[in-house]
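Since the structure comes first, as structure tokens, the remarks are kept for the end.
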Amino acid sequence: MNDAGQYQLEGSAAELYERHLVPAITALWANDLIDHAAPQPGGRVLDLACGTGIVARLAADRIRAARIVGVDINTRMLAVARARSTGAARLIEWLEASALALPFRDESFDLIFCQLGLQFFPDKPLALKEMRRVLLGAGRMALSVFSGIERTPAANALADALDHNLGVGASQTKRSEHGLCDQRELSALVTAAGFHDLTIRAVTQTIRFASAGEYVRLQLSATPMAALLEGMDGPRATGKADRDNYGSDEVASYRRGYSGVGLSTGSLCRVCD
């Protein structure tokens, strides 16, 4: 989904991500992000760190844009995006490229989306400057990042259990998803890149899975955390949250957590002349 190998999915993980995590998690905030960005017909839209393309595809369904481009550095995610593009989404252009060196001329787009990607870019100021460069002077940028992990019960419980069962630091990948949760830091980064009229708001969504164990299984198979299980044998490699594998305390945490809410801070940024 993101840059420089920090959110890379291998093998079937990208398809599992699209099949299970997109409808349960990312599509919720994608719809909200598009609602508030209010893309206009005839505009040129960039979906940066597009992953399997949910934002671009939803935008294509809603408006008749002059151009919609999805950009990601992950080959397998883009392959899934192309395969899932039907109907209006067939006109979307999918490009493999780095957010740090966008292959577009200045002022190529009227609207840029970046959902749950900015926190992973190795050089966030440069990525934002690239967004500003390819955005029309009076264009808009809409991005989202997750809030603090302690405000997201399921993710917090999973991170704690990973450290407890797989060793200190095992939760680093999961915690990195929430690495840009400070609104002051986010505001400073965006304004330093040349954006103005910044609005930051908190959006709460409820995520639902069939069971706590299903949530854990998918987190350990359809995200980069799958690497934690490479080379492991036996029950710990299954990704199941049951008493035999993780212990009663961890299971209780999962069951409390998965039915809770996830939080996202969405930033709607308008660029002015």
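The values are calculated or read from the model by the stated rules, or taken from the named source; none is laboratory data. What you are looking at is a predicted structure, and each value in this text was computed from that prediction instead of being measured. We place every Cβ from the backbone using ideal geometry, glycine too, and count neighbours over all the protein chains shown. Only protein heavy atoms, including side chains, enter the accessible area calculation; ligands, DNA and RNA are left aside. Shrake-Rupley method; radii C 1.70, N 1.55, O 1.52, S 1.80 Å.
Observations
- Of Arg208, Arg201, Arg217, all but one fail to be at pLDDT 50 or above and part of a loop (DSSP other than H, G, I, E, B); the exception is Arg208.
- Scanning the range 167-197 for residues that are open to solvent by 50 Å² or more (accessible area, probe 1.4 Å), among the hydrophobic types (A, V, I, L, M, F, W, C) and in contact (Cβ under 8 Å) with a residue 60 or more places away in the chain yields Cys181, Ala192.
- Scan the range 23-51 for residues that are closer than 23 Å to Ser98 by Cβ and either in contact with a Gly (Cβ under 9 Å, 6 or more places away or on another chain) or open to solvent by 20 Å² or more (accessible area, probe 1.4 Å) (or both) and the total you get is 9.
- Residue in the range 198-217 that is farthest from Glu150 (Cα to Cα), counting only those that are small (Gly, Ala, Ser) and surrounded by 18 or more Cβ atoms within 10 Å (Cβ to Cβ): Gly213
- The set of residues in the range 23-35 that are within 17 Å of Leu48 (Cβ to Cβ) and not aromatic (Phe, Trp, Tyr) comprises Thr26, Ala30, Leu33, Ile34.
- Qualifying residue in the range 80-94 (condition: assigned to a loop (DSSP other than H, G, I, E, B), charged (D, E, K, R) and more than 20 Å from the chain's Cα centre (by Cα)): no
- Among the residues making up the range 153-166, those that are over 12 Å from Leu228 (Cα atoms) and either β-branched (Val, Ile, Thr) or surrounded by 17 or more Cβ atoms within 10 Å (Cβ to Cβ) (or both) are Pro153, Ala154, Ala155, Asn156, Ala157, Leu158, Ala159, Asp160, Ala161.
- Filtered residue count, the range 120-152, keeping only those that are crowded, with 19+ Cβ neighbours inside 10 Å and out of contact with any Phe, Trp or Tyr (no Cβ under 6 Å at 6 or more places or on another chain): 15
- Residues that are within 19 Å of Ala37 (Cα to Cα) and polar (S, T, N, Q) within the range 184-214 comprise Ser187, Thr191, Thr199, Thr204, Gln205, listed in sequence order.
- Only residues that are part of a strand (DSSP E or B) and of a type in the set (A, V, I, L, M, F, W, C) were counted across the range 111-166, and they come to 12.
- Qualifying residue in the range 55-75 (condition: at pLDDT 95 or above, closer than 22 Å to Glu214 by Cβ, under 14 Å from the mean Cα position of the chain (by Cα) and open to solvent by less than 30 Å² (accessible area, probe 1.4 Å)): no
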